[in-house]
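K.L.:
Please find one structure pasted underneath; my questions will follow.
The values are calculated or read from the model by the stated rules, or taken from the named source; none is laboratory data. Bear in mind the structure is a predicted one, so any value in this text is a computation, not a measurement. Every residue, glycine among them, receives a Cβ derived from its backbone with ideal geometry; neighbour counts consider all protein chains shown. Keep in mind that these areas ignore ligands, DNA and RNA; they rest on the heavy atoms of the full protein, side chains included. Shrake-Rupley method; radii C 1.70, N 1.55, O 1.52, S 1.80 Å.
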Amino acid sequence: MFSMTCPTVCRAPVEVLTSEIAADLEARHPGHPRLAVWLRMLRAAGVVSRPWVASLEKTAALEGVGPRSRAVWAAVADLAEQAAISALAVAGLDRTEVDAVVTTHSTSWTVPGLEVEMIRRLGLRPDVTRVPLTTLACAGGVHALVQAARITQARPGSRVLVVAAEALSTLYHPEHASLQTVLYGGLFGDCAAATVVVGDEALVPEGAGSLCGEAAVWEWLQPDSGDRYWSRVDADGLHFDSGPRASRAAGEVLPHLTSWLDGRPVEWAAVHPGGPGIIAGTVQALGLPETAGRHSFASLSGGNLGGPAVLDVLQRTLAAGDAKGPGLVIGFGPGFSATALYLDAAQTHSPGPDGGRGTARETA
C-alpha cells in the first residue's frame, strides 16, 4: 500500500513578471542583433511570472560562484524548512515519528546536504534513514516519491518525509546573455514542496487530501542522451544548457513509458511542467484529453519550479479533486532521464481550504 498526503508548496516571496525580465534585457542589450529572438523565445515559454527569493535587481547584481551559491543555499534551506513543517502538520505527525527523509535539490553545492539540514532544523530523530538526491534537477520530485515508495514497501508502516527545494533564479545572468541564459534564466522559479509518504492508508489523517493505493515505479535513462540538457559551474555561478536535440528528448522516452504501462489504464496524470511541448506530448502519449494537462500548464505559467514542480502539479490535481482512479506522476530531467510513479489509486479526502499552497515569508 502507498499513501501520501497532499503536497504543501512554498513559493519564494518575490513574483517576477516575464515583462520585467524582458524590459531588463532590453535595457542591458539595446540594439543586440539577437534581442528580438531572445524576447520571442522568453514569451513563448509559457511563463507569466515566477517566484524568486530576491528582486530581479538583487538577483542580477550577485556576482561570482561563491556569493550566488551562498545565497541559493540559504534560500533553499529556508523554503524547504517551511514546506516540511507544513507537510508534517498536514499529516498530523510529530517530528519524532518520521522514520526517513528523502530530499532533492540541485542548485547549490554543499556538504552536508539538505537532508542533514532538515534533520537539524526540524529536530528529527538522529536515527532516521537519509536519502539525499542532489543531481536529478527537474526529475528530483518524482524520483524522491519513488524512493519513498520503495522505503515504505520494504518497511511497512514507515513514515517518510519528502522535501524538494530549488532556487533556480541563480540561473539569471543578464550581463552574459545568450540563447540558453535568456531561456533558462527566465523560465525557472524558486520553490520548495513537501509531502509525507506512508505504507498504510490508516496512517493518513482525514482532510489530508491523500492518495492511497498500490504503486508501481519506473525509471528510464535514455542511452547516449547527455547532450540534451546539462548544467555547468564557472566563475559566474551555475548555468543550465541544452543542445539541439533537447526539444525531442521527451518524445524519445515516451514510447518506453507506454511500453512499460502495457495497457494499464491511466485516467489522470501529473506531468512535470518542463515546457508546453513536454506537457502536451506526454498527455497525448498517455491517450488523455488535452484538458488532462491543465494543472501542468497552470503550474508552468507561474514558473518552472524544477524538482518541486511535479509536486506543485500534484497538489493542484488533488485540490481540484481530479486524482480519481489509476493515474501517473511523471517527471523528466537531465540525463536524459524520466521517472514515473503509477498509482492504481483514488483520492481519498479533500485537501484543506488553502489546498496546501503557501508563500514564504518575505526574506529578500
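K.L.:
Please give the charge dipole size of segment 1-87, origin at the Cα centre, charges +1 on K and R Cβ atoms and -1 on D and E Cβ atoms. Round to the nearest 20 debye. Intermediate results must be reported in sequence, preceding the final value.
P.N.:
Numbers: 9 positive and 8 negative charges, 58 e Å.
Once rounded to the nearest 20, the dipole reads 280 debye.
K.L.:
Compute the angle between helix 140-154 and the longest alpha-carbon principal axis of the chain, please, reported from 0 to 90 degrees and rounded to the nearest 10.
P.N.:
Result, in degrees: 20.
K.L.:
Still on this structure, please answer the following. With springs only between Cα atoms under 10 Å apart, run a GNM on the chain and tell me which of Ser296, Ser210, Ser158 wobbles the most.
P.N.:
Residue with maximal mean-square fluctuation among Ser296, Ser210, Ser158: Ser158.
K.L.:
Please state, to two decimals, what the Cα-based radius of gyration of the chain comes to when divided by 2.2 N^0.38 Å (N = residues). Display every interim value, and only then the final one.
P.N.:
Numbers: Rg = 19.3 Å, N = 364, 2.2 N^0.38 = 20.7 Å.
This ratio for the chain stands at 0.93.
K.L.:
Hey, another quick one. So what is the relative contact order of segment 232-341, in percent, for Cα pairs below 8 Å that sit 6 or more residues apart?
P.N.:
Values: 130 pairs, mean separation 31.9, N = 110.
The value is 29 percent.
K.L.:
Helix 18-28 versus the longest principal axis of the chain: what angle, 0 to 90°, nearest 10, using Cα atoms?
P.N.:
The helix 18-28 is inclined about 30 degrees to the chain.
K.L.:
If you don't mind, another one. In a GNM of the chain with a 10 Å cut-off on Cα contacts, which of Val131, Val197, Val37 has the highest mean-square fluctuation?
P.N.:
Val37
K.L.:
Express in whole angstrom the spacing between the alpha-carbon centres of segment 290-314 and segment 109-146.
P.N.:
After rounding, the separation between the Cα centres reads 22 Å.
K.L.:
Using only Cα atoms and rounding to the nearest 10 degrees, what angle (0 to 90) does helix 65-91 make with the longest principal axis of the chain?
P.N.:
Helix 65-91 and the main axis of the chain meet at about 30 degrees.
K.L.:
Moving on to the next point. Which whole-Hz ³J(HN,Hα) couplings does segment 313-330 yield from phi under the Karplus relation 6.51 cos²θ - 1.76 cosθ + 1.60, θ = phi - 60°, glycine and proline marked x?
P.N.:
4, 5, 4, 5, 5, 5, 4, 7, x, 9, 8, 10, x, x, x, 9, 10, 9
K.L.:
Check which residues have an amide H placed less than 5 Å from Trp52's amide H, if you skip close sequence neighbours.
P.N.:
Val14, Glu15, Val16, Asp190
K.L.:
Here is a further query. Out of all Cα-Cα pairs in segment 217-355, roughly what percent, to the nearest whole number, are more than 25 Å apart?
P.N.:
More than 25 Å apart: 27 percent of the Cα pairs in segment 217-355.
K.L.:
Which of the listed residues, Trp73, Ala235, Gly213, is farthest toward the dipole's positive end in the chain, when Lys, Arg count +1 and Asp, Glu count -1 at the beta-carbon?
P.N.:
Farthest towards the positive pole: Ala235.
K.L.:
Can I ask one more? I'd like the Karplus ³J(HN,Hα) series for segment 102-114: coefficients 6.51, -1.76, 1.60, θ = phi - 60°, whole numbers in Hz, and an x wherever there's a Gly or Pro.
P.N.:
Using θ = phi - 60°, the values come out as 10, 10, 9, 7, 9, 9, 7, 9, 8, 9, x, x, 5 Hz.
K.L.:
So what is the accessible area of the chain per residue, in Å², with the probe set to 1.4 Å? All intermediate terms of the calculation are to be shown ahead of the outcome.
P.N.:
Working: 13950 Å² over 364 residues.
With the other protein chains kept in place, the chain gives 38 Å² per residue.
K.L.:
Between rounded, prolate and oblate, where does segment 7-76 land on the alpha carbon gyration tensor, with a ≥ b ≥ c its root eigenvalues, rounded for a/c under 1.5, else prolate if a/b exceeds b/c? Provide the component values of the computation, followed by the final result.
P.N.:
Working: a/c = 2.58, a/b = 1.41, b/c = 1.82.
Taking the square roots of the gyration eigenvalues as a ≥ b ≥ c, segment 7-76 is oblate.
K.L.:
Could I ask something else about it? Take the alpha carbon gyration tensor of segment 88-181, find the square roots of its eigenvalues, order them as a ≥ b ≥ c, and report rounded if a/c is under 1.5; if not, report prolate when a/b exceeds b/c, else oblate.
P.N.:
Working: a/c = 2.74, a/b = 2.08, b/c = 1.32.
Judged from the Cα gyration tensor, segment 88-181 comes out prolate (a/c at least 1.5, a/b above b/c).
K.L.:
Where a ≥ b ≥ c are the square roots of the eigenvalues of the C-alpha gyration tensor, would you call segment 47-91 rounded, which needs a/c under 1.5, or, failing that, prolate if a/b is larger than b/c, or oblate? Mind showing how you got there, number by number?
P.N.:
Details: a/c = 4.16, a/b = 1.72, b/c = 2.41.
The shape class here is oblate.
K.L.:
Let me ask something else about it. Mind checking the full-extension length gain between Glu57 and Asp234? Use 0.36 nm per residue of separation minus the Cα-Cα distance, one decimal, nm.
P.N.:
Gain on stretching Glu57 to Asp234: 61.6 nm.
K.L.:
Round to a whole number: what % of the accessible area of the chain belongs to carbon and sulfur, probe 1.4 Å? Present the calculation step by step, with values, prior to reporting the outcome.
P.N.:
Working: 7610 of 13950 Å².
With neighbouring chains kept in place, the figure for the chain is 55 percent.
K.L.:
Return the long-range amide H neighbours of Phe2 (sequence gap of 5 or more, or a different chain), with a cut-off of under 5 Å between placed amide H atoms.
P.N.:
Under 5 Å from the amide H of Phe2: Gly213, Glu214, Ala215.
K.L.:
Amide H neighbours of Ser158 under 5 Å, counting only residues 5+ apart in sequence or on other chains, H built in-plane at 1.01 Å?
P.N.:
Placed amide hydrogens put Gly199 under 5 Å from Ser158.
K.L.:
Also, I was wondering about something else. Among Gly335, Gly186, Gly31, determine the one that fluctuates most according to a GNM of the chain built with springs between C-alpha atoms less than 10 Å apart.
P.N.:
Of the options given, Gly31 has the highest mean-square fluctuation.
K.L.:
Let me know the whole percent of all Cα-Cα pairs from segment 210-273 that are separated by more than 20 Å. Please report the intermediate quantities before stating the final value.
P.N.:
On the way: 962 of 2016 pairs.
Cα-Cα pairs of segment 210-273 separated by over 20 Å account for 48 percent.
K.L.:
Let me ask something else about it. Report the extension gain between Asp200 and His29 in nm, rounded to one decimal, defined as 0.36 nm multiplied by the number of residues separating them, less their alpha carbon distance.
P.N.:
Working: separation 171, 0.36 × 171 = 61.56 nm, distance 5.65 nm.
Gain on extension, Asp200 to His29, equals 55.9 nm.
K.L.:
Which trypsin sites (Lys or Arg not before Pro) in segment 226-289 pass both tests, a DSSP loop state and at most 15 other beta-carbon atoms within 10 Å?
P.N.:
Working: sites: Arg228, Arg232, Arg245, Arg248; in loops: Arg228, Arg245.
In loop regions of segment 226-289 (DSSP not H, G, I, E or B), the sparsely surrounded trypsin sites (Lys or Arg not before Pro) are Arg245.
K.L.:
Rounding to the nearest 20 debye, state how big the charge dipole of segment 219-343 is about its Cα centre with +1 on each Lys and Arg Cβ and -1 on each Asp and Glu Cβ.
P.N.:
280
K.L.:
Principal axes first, then extents: for the Cα atoms of segment 151-298, list largest minus smallest coordinate on each axis, whole Å, largest first.
P.N.:
Rounded to whole Å, the extents work out to 54, 32, 30 Å.
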